[in-house]
Amino acid sequence: MKRIVILFSGEGSNMLRIIQKLEHYENIEVAATITNKQEAKGIEKIKAYNIPLNIINHKDYASREEFDQDLVNKISSYKPDLVVLAGFMRILTPVFTKNIKSINLHPSILPHFKGAKAIEQSYADIEKPAGISVHWVSEELDSGLVIAQKELTRIKDEPFESFKNRIHLLEYELLPETVVRLLQ
Ligand code: GAR
C-alpha cells in the first residue's frame, strides 16, 4: 500500500479531486490531510471523508523554520511515500524541503509566472503560454524539476473568470493523474 499526505490552504478542490481519483485505486491511500489555515474552506469538505485532518496554524509560530519543523514531524508520523501540495500557499524552508519528498501544483507553464499571482499574470501576458505544471518541490520557490505540464489553448477576448475556470479544470485532471503515475 502506498500512502500520500495532502497539504492545502484554501478551497481544497484539488485535494478532493485526488481523493476521488484514489477511490478507484486500492493500492494508494490518503493517510492524512494538513492545512496551515484555520479558516480554509477545504476543512468542511474533507469532513465528509474518513481521512484525518490536521490544522497546523502557521500564525502560532515565531519563525518559518519552527512551523516547518512541526509540519515535518506531523507528516513523518504518517510515513508517506509522497506528499502532495495542492494549493498549499506557504514559502517552505530547507527544514521542509530537505526532509520531505513532495510535489506541487502550480497554475502556469513554469518557468513562466512563478509566485502567488500566476493565473492573473499568464492571463495578461498573451505572448507566453498559459497552463499548469506539477513539479518536485525544491528549496527555490516554484523551481523544482517539472514532472508534467498541460497547456491551455488561449481564446480571444476570454473573460478572466472563464480563463481561470479552464485552468482549474486542467488541474483536476493532471494532478490526480500525476499522483497515480508516480506511485503505480
Ligand atoms: C490552484 O489553482 C493551485 O494551482 C494554486 O492554488 C489553487 C488551489 O486551489 N496553487 C498555487 O498558486 C501555488 N503557488 P484549491 O484550494 O481549490 O485546490
(request) List the lysines whose Cα lies under 26 Å from the Cα of LYS21, skipping any in the same chain that are fewer than 8 positions away. (result) LYS2, LYS37, LYS41, LYS45, LYS47, LYS74, LYS79, LYS101, LYS150, LYS164
(message) Under the 0.36 nm per residue contour assumption, what length would be gained going from the current alpha-carbon distance of HIS24 and SER63 to full extension?
(response) 10.1 nm
(request) Please sort by residue number the GluC sites (Glu not before Pro) in the range 1-103 whose DSSP state is loop and whose Cβ has at most 12 other Cβ atoms within 10 Å. (result) GLU23, GLU26, GLU39
(request) Would you mind getting the accessible area per residue of the chain, heavy atoms of the protein chains only, 1.4 Å probe, in Å²? (result) 51 Å²
(request) Would you kindly calculate the translational diffusion coefficient of the range 60-107, applying Stokes-Einstein with the Kirkwood radius from alpha carbon pairs, for 4 °C and a viscosity of 1.567 mPa s, and quote it in µm² s⁻¹ without decimals? (result) 115 µm²/s
(request) Mind pulling the angle between the C-alpha long axis of helix 64-77 and the longest principal axis of the chain? Nearest 10 degrees, somewhere in 0 to 90. (result) 70 degrees
(request) Take the solvent-accessible surface of the protein heavy atoms, probe 1.4 Å, and return the percent of it on the range 52-131 that carbon and sulfur atoms account for. (result) 52 percent
(request) Give the relative contact order (percent, whole number) for the range 33-134; include only Cα pairs under 8 Å separated by 6+ residues. (result) 20 percent
(request) Report, in cubic angstrom per residue, the convex hull volume of the C-alpha atoms of the chain. (result) 114 Å³
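The values are calculated or read from the model by the stated rules, or taken from the named source; none is laboratory data. Keep in mind that what you see is a predicted model, and the values were worked out from it rather than measured. Positions of Cβ are backbone-derived with ideal geometry, glycine not excepted, and every protein chain shown enters the neighbour counts. Surface areas here come from the heavy atoms of the whole protein model, side chains and all, with no ligands, DNA or RNA. Shrake-Rupley method; radii C 1.70, N 1.55, O 1.52, S 1.80 Å.
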